[in-house]
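Below is one structure, written out as structure tokens; the observations come after it.
The values are calculated or read from the model by the stated rules, or taken from the named source; none is laboratory data. None of these values were measured; they are calculated from a predicted model. Methodologically, a virtual Cβ is constructed for each residue, glycine included, from the backbone with ideal geometry; neighbour enumeration extends over all protein chains shown.
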2 protein chains.
Amino acid sequence: MANSRSGESVIERVVRVLETFSAERTVQTASEIGRRAQLPSSTAHRLVEELVASGILERDEEQRVRLGMHLWELALRGSTALRLRQAALPHMERVQSAIREHTQLAVLEQEEALFLERLSHPDAGANITRVAGRLPLHASSSGLVLLAHADPGLRERVLAAPLRSLGPGTITDPQLLRRVLAGIRRSGHVVAPGSVEGVSTGVAVPIRDAGSVIAALSVVLPRASDPAAAVRALSDAAVRIEEELRATRV
Amino acid sequence: MANSRSGESVIERVVRVLETFSAERTVQTASEIGRRAQLPSSTAHRLVEELVASGILERDEEQRVRLGMHLWELALRGSTALRLRQAALPHMERVQSAIREHTQLAVLEQEEALFLERLSHPDAGANITRVAGRLPLHASSSGLVLLAHADPGLRERVLAAPLRSLGPGTITDPQLLRRVLAGIRRSGHVVAPGSVEGVSTGVAVPIRDAGSVIAALSVVLPRASDPAAAVRALSDAAVRIEEELRATRV
């Protein structure tokens, strides 16, 4: 429906427009959007105009646009991400006050770990993840937990592809990665030193709903820390989040 | 661009589709969406098909759809709502551990208070607001703060319209409301007993960025509580959030 001459639909072009926004680029002109989304300038201007009219984008006094509050509202109001995040948040806060570093919640999305929430202590160490940011499945403690419990087809695709190194501890050997994933399924957690950054260790556990792993809960510790308390705090929190999810299942 | 015979654009119809989802309705069939969005069934099915292809919606095994994680990611990743919420969250947590009830962050959106965040103590009292939910400006402590600092045109529109009663303490007399709003601008906070629900009292303060009030920070207390500690905790938090916003201004 409503395809352009290039055969691309309006919806695909809208997604491309929205994809030009990022944490580093929250405000743009229609021309910048057109260039970054590789759309003809007139198309970009018309699309931006319509998106502003519907509240998806908002325009400021300098004719630049940003993502609209109405988009935020539409995306969250009925979302299962919000349900999971609301179930998890009080228990993430408990982990956070015990461990006092970074506590994160991630889901599998398009073969990467997508972070839904992150709580950080003011004095916590390094951590590059952010809310609505992503990390590779093989190169983050959350990703490793999600990959360990992903369907076998996805797991084999990741194992067959080049395993890019992010930190000095990223597992780039597929045979070793396969053993680590089996170990995660056995032990119920992972401790991944240096998989994202040399200075830190990720610790993660799975969260299940209706029998399947739907998320990973993790903390990021300074590299030298003993992970035992974090494993305990995360495992306790996961049990409680799973109870919450059972109580609120739709 | 790409208008239907009814003159409505694809983007307007997509917004109508997304608006059929809510906290109570996270999963729907394409036919239900069509009925609720008042779209012809064939149009609804085609739109849903395209939205699934682009990750805006996700389909489950029973051919029902829900809001997609990719929509969540697109809406949050570059959003100013996320920037505000990330700046506010650590300070909301501090209010939360001091007051142990509900702590909320709201912005003005389409003449209502839209709630961006809510933290709740497990033993906290009644509270009907939720994340991505809305309340009328005149009938919530957050709304009153936002209205007090809104541009005069909006304020006069609200004062001229019928002021619907939500709780026994909702201010429905425009002259009284005008005095209360002036009082909020003078004192820097509002204590609103029973404005939403008879059993609770909302307490709220403004948050400023670049000289303008951009949000309200509030707590919901049981009706009989003394609001003094809440006013202090909220005012302290607002100062700190404003510092954070100054440090991260784009």
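Just to check your reading of the model, which residue among B:Glu93, B:Glu101, B:Glu109 is of a type in the set (Asp, Glu) and in contact with a helix residue (DSSP H, G or I) (Cβ under 6 Å, 6 or more places away or on another chain)?
Selected residue: B:Glu109, the only one of B:Glu93, B:Glu101, B:Glu109 that is of a type in the set (Asp, Glu) and in contact with a helix residue (DSSP H, G or I) (Cβ under 6 Å, 6 or more places away or on another chain).
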Residue check: is B:Pro206 within 23 Å of B:Arg130 (Cβ to Cβ), loosely packed, with under 13 Cβ neighbours inside 10 Å, in contact (Cβ under 8 Å) with a residue 24 or more places away in the chain and assigned by TED's automatic domain parsing to the domain that holds B:Ala124? no
Helices (runs of 4 or more DSSP H) contained entirely in region B:4-65, each with at least 1 residues that are within 9 Å of chain A (Cβ to nearest Cβ), charged (D, E, K, R) and without any contact (Cβ under 8 Å) to a residue 24 or more places away in the chain: B:10-19, B:41-53
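Within region B:135-146, is even one residue at pLDDT 95 or above, in a strand (DSSP E or B) and assigned by TED's automatic domain parsing to the domain that holds B:Val220?
Yes, there is a match, as at least one residue in region B:135-146 is at pLDDT 95 or above, in a strand (DSSP E or B) and assigned by TED's automatic domain parsing to the domain that holds B:Val220.
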Meets criteria (touching a residue at least 24 places away in the same chain (Cβ under 8 Å) and within 10 Å of chain B (Cβ to nearest Cβ)) for A:Leu177: no
In region A:222-250, which residue that is at pLDDT below 95 and in contact with a helix residue (DSSP H, G or I) (Cβ under 7 Å, 6 or more places away or on another chain) is surrounded by the fewest Cβ atoms within 10 Å (Cβ to Cβ)? A:Thr248
Odd one out for B:Glu109, checked against (1) closer than 19 Å to B:Leu181 by Cβ; (2) in contact with a Leu (Cβ under 9 Å, 6 or more places away or on another chain); (3) within 13 Å of another protein chain (Cβ to nearest Cβ): (2)
Quick one: which of A:Val107, A:Val131 is modelled with pLDDT of 95 or more, touching a strand residue (DSSP E or B) at 6+ places or on another chain (Cβ under 7 Å) and not in a helix (DSSP H, G or I)? A:Val107
With the requirement that a residue be under 21 Å from the mean Cα position of the chain (by Cα), closer than 18 Å to A:Pro227 by Cα and outside any loop (DSSP other than H, G, I, E, B), what does region A:168-184 give you? A:Ile184
Within region B:67-92, work out how many residues are within 7 Å of chain A (Cβ to nearest Cβ), of a type outside the set (A, V, I, L, M) and buried (at least 21 other Cβ atoms within 10 Å of the Cβ). 5
Mind checking whether some residue in region B:148-167 is surrounded by 14 or more Cβ atoms within 10 Å (Cβ to Cβ), more than 19 Å from B:Ala106 (Cβ to Cβ) and either of a type in the set (D, E, K, R) or over 20 Å from the mean Cα position of the chain (by Cα) (or both)? yes
Condition broken by B:Leu74, with the remaining ones in (1) in contact with a Phe, Trp or Tyr (Cβ under 9 Å, 6 or more places away or on another chain); (2) in a loop (DSSP other than H, G, I, E, B) satisfied: (2)
Residue ID - nearest to A:Glu109 (Cα to Cα), chosen from residues in region B:38-95 that are of a type in the set (Ser, Thr, Tyr) and over 23 Å from the mean Cα position of the chain (by Cα): B:Ser54
Please tell me if A:Val95 is touching a strand residue (DSSP E or B) at 6+ places or on another chain (Cβ under 7 Å), of a type in the set (A, V, I, L, M, F, W, C) and part of a helix (DSSP H, G or I). yes
Tally time: how many residues in region B:114-141 are hydroxyl-bearing (Ser, Thr, Tyr) and more than 14 Å from chain A (Cβ to nearest Cβ)? 2
Before we move on, is A:Leu82 assigned to a strand (DSSP E or B) and within 27 Å of B:Val52 (Cα to Cα)? no
